[in-house]
């Protein structure tokens, strides 16, 4: 909606649609939800490993790579985040 000055009014514009939220269903898309959960579980495992007195460097490296792969999949499934 435009006001007299020709600028767009932000108060009446629809809020942006989050790419991970399904408005019709009223909840987060199941696939993205599972990916967010997986990312969180990997992050927790990585933090636990790094708290050890002698963390296994191979396990740390593997967890970091898995976490990055999941993050990339989340990013690919959310096109609006790519343009930001």
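Rule-based calculations on the coordinates, nothing more; no lab input. Small disclaimer: the values here were computed from a predicted structure and weren't measured. Glycine gets a Cβ as well: all are built from the backbone with ideal geometry, and neighbour counts include every protein chain shown.
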Q: At 7 Å along the Cα-to-beta-carbon direction for both residue 29 and residue 60, put a label point, then send me their distance in nm to one decimal.
A: 3.5
Q) How big is the Rg/Rh ratio for region 29-79, C-alpha atoms only, Rh by Kirkwood, two decimals? A) 1.07
Q. Which length gain, in nm to one decimal place, applies between residue 37 and residue 73 when the Cα-Cα distance is subtracted from 0.36 nm times their residue separation?
A. 11.7 nm
